[in-house]
Amino acid sequence: MGSTGSERAQSARSPRGPRCIAIVGPFQSGKTTLLEAVLERTGTVQRAGRVADGSSVGDGSPEARAHGHGVELNAACVHFIDDRMTFLDCPGSIEFAAEARSVTPACDAAIVVCEADERKLPALQVILRELEEAGVPRFLFLNKIDTHAGRVQETLQMLQTVSRTPLLLRQIPIWKNGIAVGYIDLALERAFIYREHAASQVVDIPAEELGQEKQARFSMLERLADYDDSLMEELIEDIEPPRDQVFDDLTRELREGLIVPVLLGSAERGNGITRLLKALRHEAPAVAETRARLGVTPDGLPLAHVMKTIHTTHGGKLSISRVLRGTFREGDVVVGSRGAEVRIAGLQRLTGGTGVREGEAVEGDVLAFNRLEGVQTGDVFSTGKSQPRAVASMAPLEPVFRVAIATRDRKDDVRLNTALSKLAEEDPSLLVDHNGEAGELRVAGQGEVHIRVALERLAGRYGVQVDRRDTRVGYRESIRHKVSVRGRHKKQTGGHGQFGDVVIEVEPLERGRGFEFVDRVTGGVVPRQYIGSVEHGVREALDAGPLGFPVVDIRVTLTDGSYHSVDSSDMAFRAAARLAMAEALPKAGPMLLEPVQTVEIAIPAEAMSKASGIVSSRRGQILGYDGRPGWDGWDILKAMVPESEIGDLIIELRSATAGVGTFHASFDHLAELAGKPADAVVRNEAARH
């Protein structure tokens with residue numbers, strides 16, 4: 001006998017193991033405050049903490065406290081009725097977006113915390129886009145309803161402009177004297193009055209709200225009916241659909257990514273929290289659906305995905321991981337997707353900075369696995385001998401801000417390298433490299449605050465104090481005209497002397513041609529075995545020209561010379577070539593070249609004029625602009641900008657775009673830099689030496 005619609009709905013919405021829910025949203029939208037409200041409502045903490053006074057479970061690191069906002073992932077496990085849920089509070093700033101990108105693919109659903117603030121729409125669009133592309137079901141929690149000043153329907157229309165998936169209003173507020181005092185749940189057809197930091201009180205729908213409730217409910221059902229023909233027929237025939245059918249549609253369409261349910265509340269006052277938890281419990285998918293979305297089969301050895309890596313002072317390395325299949329136990333030997341084989345040293349269930357030891361991690365759990373060396377964020381690991389395949393590959397974020405650093409005390413150099421490697425493992429969007437030409441250790445990331453936080457962690461966690469400065473620009477120099485010079489190296493030191501004599505012509509080449517060496521000697525005036533030494537000496541002289549920078553785009557022709565049958569040597573002809581170049585380059589009209597980069601800036605369309613002004617003020621040449629493919633309301637501005645002007649470009653761009661502007665830059669060509677700017681560069685280089 002087949003199941004009824006009611007039975008199917010009940011089955012679909014029944015608890016099915018531990019859930020994992022990401023909390024995401026624009027900067028300062030109230031994500032951590034929402035987590036505190038959830039912790040209080042579920043009895044995990046007695047009283048919700050506050051970000052402002054540093055008492056919150058989330059944002060508990062010294063860096064988060066100092067900056068007043070999230071700078072890393074925070075995990076918290078709660079029990080609600082008979083369900084266990086792990087909430088992962090992700091930073092809202094685009095500079096720390098990598099935290100959410102590594103977490104959300106393996107989550108069952110996401111709560112997108114937002115507010116009725118038009119200025120934050122671009123940031124909301126970026127977040128929704130990431131979730132859409134990852135296929136993660138998502139609820140929209142319209143926060144700060146207690147301070148909402150407009151009609152919710154108008155707010156919904158505003159928010160819809162940045163979501164490619166239809167937003168579905170699940171609740172409407174009950175207003176009293178211009179203040180939202182409660183809400184009507186359109187699916188339950190019940191009214192609730194808010195109680196501060198407590199579950200709302202169920203009341204009859206006020207008579208004056210009945211008309212609006214009917215209209216809003218019909219709009220919700222119409223949207224659901226877009227994906228349910230039987231519901232559409234019922235609406236056309238004016239048949240009231242059963243409540244279970246409505247919830248069944250809500251659940252199915254959420255999980256299939258057809259709708260984004262919108263719930264109301266105030267995290268600060270603890271309003272709307274219970275209803276949100278119930279929606280998550282009954283409607284959010286569980287690990288089985290998430291596993292299928294990631295292409296993981298239900299059968300096989302235990303498998304887990306690493307969401308975040310943390311290096312603790314006393315506990316060593318922790319890998320916060322979602323168990324997608326099977327059960328792991330302390331002592332199990334696992335193999336990572338990079339081939340590392342390691343034993344699980346321990347398991348912890350985290351709530352903020354506090355861990356509770358566990359003996360096993362079951363399917364759906366999010367636990368910290370101790371000391372999985374060689375297993376990194378984004379990897380998967382499994383028991384057995386076979387190397388598992390990663391399930392949620394992510395393209396690395398391109399850095400947009402970089403600095404050069406050096407230890408204040410040279411004895412910290414070894415510790416610096418160890419600490420930086422740990423920080424980079426924790427945060428894959430933090431890149432560390434040594435630039436040999438500039439002689440710099442560089443740290444690159446997603447913005448100035450991102451780098452500042454990394455350096456604060458260096459000092460706070462590892463006791464390594466560093467100084468930072470702007471990175472050196474890759475200036476070059478070339479020449480304007482052709483010269484011919486002789487270089488002679490002659491030295492008598494007793495016994496065999498040293499003798500090398502060359503005549504060279506030095507001339508400019510077209511920009512981008514690099515370096516050419518031509519041998520045009522005749523009659524053996526410079527023996528064959530020394531021609532390579534002459535070229536070697538010339539190349540050595542190109543490392544730093546008269547202005548102090550590497551020399552490019554020149555041709556050097558060996559035209560004449562002489563040798564001594566006893567005193568000539570490779571070393572002597574190398575020295576003669578260097579002497580000739582040292583005389584030729586200053587005579588050939590040296591000029592400074594600066595690297596120019598092609599820059600593509602992605603910005604909301606309304607910021608185009610500001611971005612154009614920023615580029616122009618940085619000696620940039622605007623090439624044009626076009627719509628950003630697939631992004632409504634966004635443009636791409638293309639320009640040529642000198643490398644020296646790009647260092648802090650992202651700071652100004654973010655300021656002009658409510659924190660969301662970004663860019664891609666790549667080397668294009670070298671261009672002459674003359675006048676006072678060139679003089680200043682040469683003076684600075686001379687002072688450096």
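The values are calculated or read from the model by the stated rules, or taken from the named source; none is laboratory data. Just so it is clear, the model here is predicted, and its values are computed rather than measured. A quick note on method: Cβ atoms are made from the backbone with ideal geometry, for glycine too, and the neighbour counts reach across all protein chains shown. Calculation scope for accessible area: heavy atoms of the full protein, side chains included, ligands and nucleic acids excluded. Shrake-Rupley method; radii C 1.70, N 1.55, O 1.52, S 1.80 Å.
Things to note:
- Gain on full stretching of the segment that runs from residue 632 to residue 154 - 0.36 nm per residue minus C-alpha separation: 170.2 nm
- Highest mean packing comes first when the peptides 272-280, 58-66 are listed by Cβ atoms within 10 Å, giving 272-280, 58-66.
- Extension gain for the segment residue 520 to residue 243, taken as residue separation times 0.36 nm less the Cα-Cα distance, is 90.4 nm to one decimal.
- Note on residue 648/residue 480: beta-carbon distance plugged into 1/(1 + (r/R0)^6) with R0 of 30 Å gives a FRET efficiency of 0.40.
- Within the same chain, lysines fewer than 8 places from residue 491 are excluded, and of the rest, those with a Cα less than 29 Å from its Cα are 587.
- Against the chain, whose longest principal axis is taken from its Cα atoms, helix 675-688 shows a tilt of about 80°.
- Helix 273-283 vs. the chain, principal-axis angle (Cα, 0 to 90°, nearest 10): 90 degrees
- Size of electric dipole in the stretch 117-196: Cβ of Lys, Arg +1 and of Asp, Glu -1, about Cα centre, debye, nearest 20: 100 debye
- Inter-label distance, residue 617 to residue 544: 3.6 nm, where each label sits 7 Å from its Cα along the C-beta direction.
- The lysines within cross-link reach of residue 422, meaning a Cα-to-Cα straight distance under 29 Å and a gap of 8 or more places when in the same chain, are 31, 308, 317, 385, 411.
- Charge dipole magnitude, Cβ of K and R +1, D and E -1 - the chain, Cα centre, debye nearest 20: 2300 debye
- Each residue, residue 434 and residue 203, gets one label point 7 Å from its Cα in the Cβ direction; the gap between the two is 7.0 nm.
- Residue ranges 325-335, 113-123 sort as 113-123, 325-335 when ordered by packing (mean number of other C-beta atoms within 10 Å per residue, highest first).
- Among 448-456, 387-395, sorting by the average number of other beta carbon atoms lying within 10 angstrom of each residue, highest first, gives 448-456, 387-395.
- Rounded to 0.05, the FRET efficiency of the residue 510 and residue 341 pair, given R0 = 56 Å and the Cβ-Cβ distance, is 0.50.
- Taking the protein heavy atoms of the chain in the context of the full set of protein chains, the accessible area attributed to carbon and sulfur is 49 percent at 1.4 Å.
- Relative contact order (percent, whole number), the chain, Cα cutoff 8 Å, 6+ residue spacing: 10 percent
- Cβ-based charge dipole, the stretch 256-363, positive-most Cα from 259, 361, 337: 259
- Segment residue 222-residue 672, length gained on full extension (0.36 nm per residue, minus Cα span): 155.6 nm
- Nearest 10 degrees, 0 to 90: helix 243-255 Cα axis against the chain principal axis: 10 degrees
- A cut-off of 5 Å between modelled amide H atoms, ignoring neighbours fewer than 5 places along the same chain, links residue 113 with 24, 25, 141.
- Evaluating 6.51 cos²θ - 1.76 cosθ + 1.60 at θ = phi - 60° for every residue in the stretch 165-177, the Karplus couplings come out as 9, x, 8, 10, 6, 9, 9, 10, x, 9, 9, 9, 6 Hz, glycine and proline recorded as x.
- Around the Cα centre of the stretch 521-654, unit charges on the Cβ atoms of Lys, Arg, Asp and Glu (plus for the first two, minus for the last two) sum to a dipole of about 240 debye.
- For the stretch 369-381, 3J(HN,Hα) per residue [Karplus equation, 6.51 cos²θ - 1.76 cosθ + 1.60, θ = phi - 60°, Hz, x = Gly/Pro]: 9, 7, 6, 8, 5, x, 10, 10, 4, x, 6, 10, 9
- Solvent-accessible area per residue, Å², over the stretch 384-461 with all protein chains present [probe radius 1.4 Å]: 50 Å²
- Once you reduce the stretch 493-541 and the stretch 93-124 to the center of their Cα atoms, the two points are 61 Å from each other.
- A straight line joining the Cα centroids of the stretch 569-598 and the stretch 286-353 runs 58 Å.
- Dipole of the chain, positive direction: furthest Cα of 39, 428, 611, with charges on the beta-carbon: 428
- Relative contact order (%) - criterion: Cα under 8 Å, at least six apart; region: the stretch 505-586: 46 percent
- Positive-pole candidate from 536, 318, 554, dipole of the chain, charges at beta carbon: 536
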